[in-house]
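FYI, it's all coordinate maths here, none of it is from the lab. This structure is a prediction, so every number in the text was calculated from the model and none was measured. All Cβ positions, glycine included, derive from the backbone under ideal geometry; neighbour counts span all protein chains shown.
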Amino acid sequence: MLRRLIGWGGVWLAGSVAAFLLLDPILAAFVAIVGLCLWGVAVLASGWEQHPSFEQRELVRARRRAARRERTKDARARDRARWEAHQQRKADRSAGNPLDGPATRP
C-alpha cells in the first residue's frame, strides 16, 4: 500500500509540474491543490482497516474495569457495610425499636 501511495504521489507531482508548465498558474495551482488534497485523503484512508476489532477493544475495557474494581474493593466493602448498617437502622426505626430511634427528651 505504501508503494502505491508513493507512486500516486509521484504522479501528482509530475502532473502538478506539467500543469504549471502548460497551464495558467491559477489553474495549475488549482490542479496541484486538488491533487494534493486527494493524495492526502488517500494517505489518511490507507490505515482505515488497521484497527482492533470490537471484541478486542471490549476485552481491553473489561480488563481495565476488572483492575479498577480490584483496586477499589476495600472501599466498596466499607460502603456496603455502611449501607447495610443504615438499612438496619431504618428497619429498626420502622419496627418501633426506641433504642435506635431519634433521641427524645423526657
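Its convex hull of Cα atoms gives the chain a direction-averaged projected area, equal to a quarter of the hull surface, of 16.3 nm². Annotation for the stretch 2-74: chymotrypsin sites (Phe, Trp or Tyr not before Pro) lying in DSSP loop with at most 14 further Cβ atoms inside 10 Å of their Cβ are TRP48. Placing a pseudo-label 7 Å from each Cα along the Cα-to-Cβ vector at PHE30 and HIS86 gives an inter-label distance of 7.0 nm. For the chain, complete DSSP H runs whose alpha carbons reach 27 Å or more along their own long axis and whose mean Kyte-Doolittle score is 0.0 or higher are 2-22, 25-45.
Measuring nothing but how far apart in sequence close Cα pairs (under 8 Å, 6+ apart) lie, relative to its length, the chain scores a relative contact order of 17 percent.
Rg ratio for the stretch 2-45: its Cα radius of gyration over 2.2 N^0.38 Å, N being its residue count, equals 1.16. Taking GluC sites (Glu not before Pro) across the stretch 12-58, the ones in a DSSP loop with at most 15 further Cβ atoms lying within 10 angstrom of their Cβ are GLU49.
Here the label points at ASP74 and ALA42, each 7 Å from Cα along the C-beta direction, are separated by 5.9 nm in the simple model.
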